[in-house]
Amino acid sequence: MTRATSARRIATAAAYGGGGLVGVGAAALGVLVAEGFIARRTFGLRKESAPYADGYYGPRRRGTSLRFVMLGDSSAAGLGADGPLETPGALIAQGLVEAAERPVRFVNVATVGARSADLESQVTRALLLKPHVVVIMIGGNDVTHLTRPQSAVRDLGLAVERLVDAGSEVVVGTCPDLGTLKPVREPLRTVARRLSRQLAAAQTIAVVEAGGRSVSLGDLLGPEFDQFPDEMFAHDRFHPSSRGYAAATQVLLPSVLDSLGLVPPDELLPDAGRGDALLPVSVAAVSAADTVGTEVAAGAEQGDGSGPRARWVQLRHRIRRPLARAEKPAPLTADMPDEEF
């Protein structure tokens, strides 16, 4: 079974129900269960709280505010960052302020330890704010807790669909490659890498088909961790540090800006020189899972509407730029003008 076929099978099972762990033998699964307990003991229970970064960014800017919400797990919450202004939500909010030249109202409803099943309640909270754009980072806890990938993908797809139907743009940072984490030992490392990338590819299919766009986080921190072991990860060697979150934000922000029409004109069209291409969704999903920072979004419909190549999507490699340092936001208050909500 090819990886593209496996990703499609998971996404299809997510849509219609049924199926177990795809492509993982009983022996490998037993190893993962045993080693998973050891790994979770190594990481420890995450009892810390992430920095509180909610606020009204760019308060001196004029114009009605953009509404931005983060959903997901501890990575979306920013656990491990040194302070609120170094969390991914704050950095993306400041990037939106700079690009749109408008204030940004940011609320983070992500929770430490969340899995894809928790997105339903998070979406309900997010929709109260009527967000223009939502960023979701999810999947790592689904892998470490052996959530059936079909269930995780279905929950993510339903969350994206609800948000899109409500008028929000949605960008999903797919499951990171847990095989790059140093506390993860062999043989768990190989199995974790396989499950992480399998889930990321299936997430991409579900996200795009629900109307959102995905961005691969993959092994973003792995290579740099080898070079800067004390800088890319927090003290637990599991969650990113402030520097690690900055790297993740550089990957996500270009797609967030494009979703709102805020990228420069010369970046609107695909660039074959950077590897942009129109591909079948399953092929694009696997390619993205292997290449950090790859965006997959809806493309042209081709063919007769049947078969694995009926759905084509656009694979993009966005240009990363230095991040603006987040400025301290104004507190969110109940007496803001109605247009801010």
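For Lys130, Lys328, give the ranking by accessible area with the largest first, probe 1.4 Å.
Lys328, Lys130
Mind ranking 82-90, 264-272 by how tightly packed they are, going by the mean number of other C-beta atoms within 10 angstrom, highest first? Can you show the working numbers first?
Details: 82-90: 23.0, 264-272: 10.1.
The densest-packed peptide leads the list: 82-90, 264-272.
Going by amide H atoms built from the backbone, whose H comes under 5 Å of the H on Ala326, apart from near neighbours?
none
Answer rounded, prolate or oblate for region 81-183, using the Cα gyration tensor with square roots of eigenvalues a ≥ b ≥ c: rounded when a/c is under 1.5, else prolate when a/b is larger than b/c, else oblate.
oblate
Note the full-extension length gain between Leu269 and Ser121 as 0.36 nm times their separation in residues minus their Cα-Cα distance, in nm to one decimal. Walk me through the numbers before you get to the answer.
Details: separation 148, 0.36 × 148 = 53.28 nm, distance 3.61 nm.
Here the segment from Leu269 to Ser121 would lengthen by 49.7 nm.
Per residue, how much accessible area does region 90-220 have with a 1.4 Å probe, in Å²?
Ligands and nucleic acids excluded, the figure is 32 Å² per residue.
Kindly rank 164-172, 134-142 from highest to lowest mean number of other beta carbons found within 10 Å of each residue.
Output ranking for 164-172, 134-142: 134-142, 164-172.
Using a 7 Å offset from the Cα along the Cα-to-Cβ direction at both Arg60 and Glu101, what is the distance between the two label points in nm, to one decimal?
1.6
Relative contact order of region 103-188: what whole-number percent is it, with Cα pairs under 8 angstrom and at least 6 residues apart?
Computed over region 103-188, the figure is 35 percent.
How large a share of the accessible area of region 67-160, in percent, is made up of carbon and sulfur atoms when the probe is 1.4 Å and the other protein chains stay in place?
49
Once you charge only the Cβ atoms, +1 for Lys and Arg and -1 for Asp and Glu, what is the size of the charge dipole of region 77-122 about its Cα centre, to the nearest 20 debye? Please report the intermediate quantities before stating the final value.
On the way: 3 positive and 6 negative charges, 24 e Å.
In debye, rounded to 20, region 77-122 gives about 120.
The values are calculated or read from the model by the stated rules, or taken from the named source; none is laboratory data. Since the structure is predicted, the reported quantities are computational estimates derived from the model, not experimental observations. Cβ atoms come from the backbone with ideal geometry, glycine included; neighbour counts cover every protein chain shown. We work out accessible area using only protein heavy atoms, side chains counted, and drop any ligands, DNA or RNA first. Shrake-Rupley method; radii C 1.70, N 1.55, O 1.52, S 1.80 Å.
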